[in-house]
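A short worksheet on the structure shown next.
The values are calculated or read from the model by the stated rules, or taken from the named source; none is laboratory data. If you're wondering where the values come from, they're calculated on a predicted model, not measured in any experiment. Counting neighbours? That spans all protein chains shown, and the Cβs are built from the backbone with ideal geometry, glycine included. Side chains are part of the model used for accessible areas, which takes the heavy atoms of the whole protein and leaves out ligands, DNA and RNA. Shrake-Rupley method; radii C 1.70, N 1.55, O 1.52, S 1.80 Å.
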Amino acid sequence: MAASRQPLFCHVEFGGAVAAREPPEAAPEGLEAVFPREVGLFADAFPEETRYGFCGHVLTIAQHHGARLGVAAPVWEAALTLCKYFEKQKLNFWGKKVIELGAGTGIVGILATLLGGDVTITDLPLALEQIQENVHRNVPAAHSARARVCALSWGLDHEEFLRDYDFILGADIVYLKDTYPLLIRTLQHLCGPHSTIYLSSKMRQEHSTAMFYEALLPLHFTSELAYRDENENINIYRVTSKQNS
């Protein structure tokens, strides 16, 4: 499709307790493979609220654990590691175009917003309500226009979004082999010659995470290991277009 398409920005309004929500509509064909709902992972539905401190900001993050959100509900350690990396490196997002993929709770994109970025926080539709709640909790109203929440299905509707973001962020989104080609295709669209991609991942052997970073990603991008947490077995990769090589 033409690159001149306008980006699709989706704002979600909601209210009421989690238990009172209507059952979600059936996911469009193909999305189940992108966002598996692992029903056995969280047997009981329960809300949780946790506070985190990064870069001089205190974030209050809601996590609605349960079969409906599955792996999108919690704050994963790879997301916290990426936030700590931003703090340690004193990364400057001021005035930059930023997009977060597979945001889950939205903690990474929210921090980038508070650090001055113009951020689009994305995930599949059923995760947007949780992300929007956390945006409302943490982004002051005066800056709310800089944090947009929108559905993005890798490999399906990525061309609805802008090209050439300054920063593309993802935390623990490399865990399902069937989605790897879709993620690559999406990154290729979003990444311009001056873009920087930061991907933080738990290096799970059973999910062939290392294969993605060592074999698949280098076919399309220039990638380097920017940081490793040995205790948590988490790597952060800095990825750029091969046009920069």
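Below is a table of values for the structure above.
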quantity	calculated
Shape category assigned to the range 71-179 from the gyration tensor of Cα positions, a/c cut at 1.5	rounded
Average accessible area per residue (Å²) across the range 59-189 - probe 1.4 Å, nucleic acids and ligands excluded	32 Å²
Largest-first ordering by accessible area, 1.4 Å probe, given options Trp154, Trp94, Trp76	Trp94, Trp76, Trp154
Most to least packed among 99-108, 183-192 [average Cβ atoms within 10 Å]	99-108, 183-192
Residues Leu156 and Asn233, FRET efficiency given R0 of 30 Å [Cβ-Cβ distance, rounded to 0.05]	0.45
Ordering of 231-239, 84-92 by burial proxy (mean other Cβ atoms within 10 Å per residue, highest first)	231-239, 84-92
